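Q: Please find one structure pasted underneath; my questions will follow.
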Amino acid sequence: MRCLLPPEFMKLSQLGERNIIKVFAEIFGDCAAAEVGIGDDAAVIRADEALIVVSADMIRETTHIPREMTPEQAGSYAVNVNLSDLAAMGAKPLAMLFSFGLPGDKDETYVKRLAQGIKEACDAHEVCVIGGDTKEHSEVVISGFALGVAEAGRYLTRSGAKVGELLCVTGSLGAAAAGFYCLTRDIEHPNREDFLKAALEPRARVKEGLALAGSASACMDVSDGLAFSLHELARKSGVGFEVYEELLPRPEAVKEIAALASVDEREVLFHKGGDFELLFTVSEEAFPALQEEFKKRKLAPISMIGRIINEGSWLITEKGEKVKLPARGYEAFKGGF
């Protein structure tokens with residue numbers, strides 16, 4: 001018989017990242033200066049007439065930096081994982097800070113290459129690094145802090161989705177997970193290099209997030225997995241959803257990689273994460289004009305993948321079957337997925 005321990009006796013591995021965040025949120029409470037606080041992709045703080053958007057994210061060698069990832073790629077990844085949260089809020093990034101935990105046996109060349117990766121990624125997004133901290137650590141740990149601004153009434157949150165609206169995503173899904181399968185299962189494929197780039201060099205959809213501000217009713221990034229993001233957006237908005245498997249935008253070769261890795265393609269598309277794309281909701285009437293605007297501005301394509309409904313979390317399979325979609329995704333402290 002399973003023994004259910006009181007929360008104060010539960011190990012972090014049992015609680016999981018999301019319940020740990022709940023513990024912090026309950027103790028910290030609400031902040032009078034914050035329009036949006038703990039629980040979204042980033043926080044929004046009002047300072048007179050300005051809206052400041054801030055976010056922090058950490059990566060570490062054991063879970064985020066595979067041995068095949070170069071120092072430059074690790075630096076770029078640290079930048080983009082933080083800016084992806086600002087993108088999900090429809091905020092314009094301004095500056096970043098980084099704190100580094102570095103093993104003593106790393107050399108100066110490693111630090112220079114890591115810094116170069118950060119610099120190039122920041123330049124690509126037109127932001128700068130303004131400070132941070134460095135300490136010795138048993139493994140490489142990079143903790144980033146991103147600072148941005150948003151216009152009043154135009155920033156995005158995970159809440160706000162309304163029944164009848166369309167569920168949409170930017171770009172395509174599954175490429176990053178396919179890349180990690182290529183690495184971990186040593187899979188050779190004509191598209192291997194493209195998938196490795198998607199896994200090791202993801203880029204935050206900052207411009208797309210800014211373009212969605214004012215049009216989308218809710219938004220979040222899908223880096224922890226599409227299924228988790230769908231459930232979280234629905235939970236925050238107090239609605240349900242149905243998503244259509246056949247409409248998911250993905251490279252054709254994802255299915256081939258899944259077969260070579262002996263996993264279901266659905267697992268790659270919904271649960272493995274790694275794609276720095278945006279999931280958002282918009283009215284059916286506004287979608288065609290928004291899609292045309294994205295094309296005109298040469299932004300990542302946007303695709304409709306489902307609808308917001310009153311309740312339930314449904315996947316309409318390619319065979320037309322209606323099945324429950326589990327909320328599994330990446331979660332720290334629980335071994336990943």
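Q: Among the helices (runs of 4 or more DSSP H) contained in region 221-337, which hold 1 or more residues that are closer than 19 Å to E208 by Cβ?
A: 226-237, 287-296
Q: Name the residue that is farthest from the chain's Cα centre (by Cα), counting only residues in region 69-114 that are on the phi < 0 side of the Ramachandran plot, of a type in the set (G, A, S) and outside any helix (DSSP H, G or I).
A: Step by step, filter region 69-114, then rank; the result is G104.
Q: Go through G160, G209 for me and flag whichever is in contact with a strand residue (DSSP E or B) (Cβ under 7 Å, 6 or more places away or on another chain) and not in a helix (DSSP H, G or I).
A: G160
Q: Given (1) buried (at least 24 other Cβ atoms within 10 Å of the Cβ); (2) under 27 Å from E120 (Cβ atoms); (3) touching an Asp or Glu at 6+ places or on another chain (Cβ under 9 Å), identify the lone condition not met by L212.
A: All conditions pass for L212, except number (3).
Q: Quick one: would you say E193 is among the acidic types (D, E) and surrounded by fewer than 20 Cβ atoms within 10 Å (Cβ to Cβ)?
A: Against the criterion (among the acidic types (D, E) and surrounded by fewer than 20 Cβ atoms within 10 Å (Cβ to Cβ)), E193 qualifies.
Q: Which of the numbered conditions does E284 fail, given that it passes all the others? Conditions: (1) surrounded by 13 or more Cβ atoms within 10 Å (Cβ to Cβ); (2) in contact (Cβ under 8 Å) with a residue 24 or more places away in the chain.
A: Going through the list (1) surrounded by 13 or more Cβ atoms within 10 Å (Cβ to Cβ); (2) in contact (Cβ under 8 Å) with a residue 24 or more places away in the chain, E284 breaks only (1).
Q: Could I ask something else about it? Scanning region 63-84 for residues that are within 19 Å of D224 (Cα to Cα) and modelled with pLDDT under 95, which turns out surrounded by the most Cβ atoms within 10 Å (Cβ to Cβ)?
A: Out of the qualifying residues, it is I65.
Q: Taking S172 and the conditions (1) within 16 Å of M96 (Cβ to Cβ); (2) in contact (Cβ under 8 Å) with a residue 12 or more places away in the chain, which numbered condition does it fall short on, given that it satisfies the others?
A: (1)
Q: Would you pick out the residues in region 152-172 that are of a type outside the set (A, V, I, L, M, F, W, C), more than 13 Å from the chain's Cα centre (by Cα) and on the phi < 0 side of the Ramachandran plot?
A: Listed by number, the residues that qualify are R154, Y155, T157, S159, K162, E165, S172.
So that you can scan it fast, the table gives a plain yes or no per residue for (1) hydroxyl-bearing (S, T, Y); (2) farther than 17 Å from A91 by Cα; (3) buried (at least 20 other Cβ atoms within 10 Å of the Cβ):
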site	(1), (2), (3)
I130	no, yes, no
D133	no, yes, no
S138	yes, yes, no
G148	no, no, yes
V169	no, yes, yes
A198	no, yes, yes
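The values are calculated or read from the model by the stated rules, or taken from the named source; none is laboratory data. All of these numbers come straight from a predicted model, not from anything done at the bench. Because the Cβ atoms are built from the backbone with ideal geometry, glycine has one as well, and the counts that use them run over all protein chains shown.
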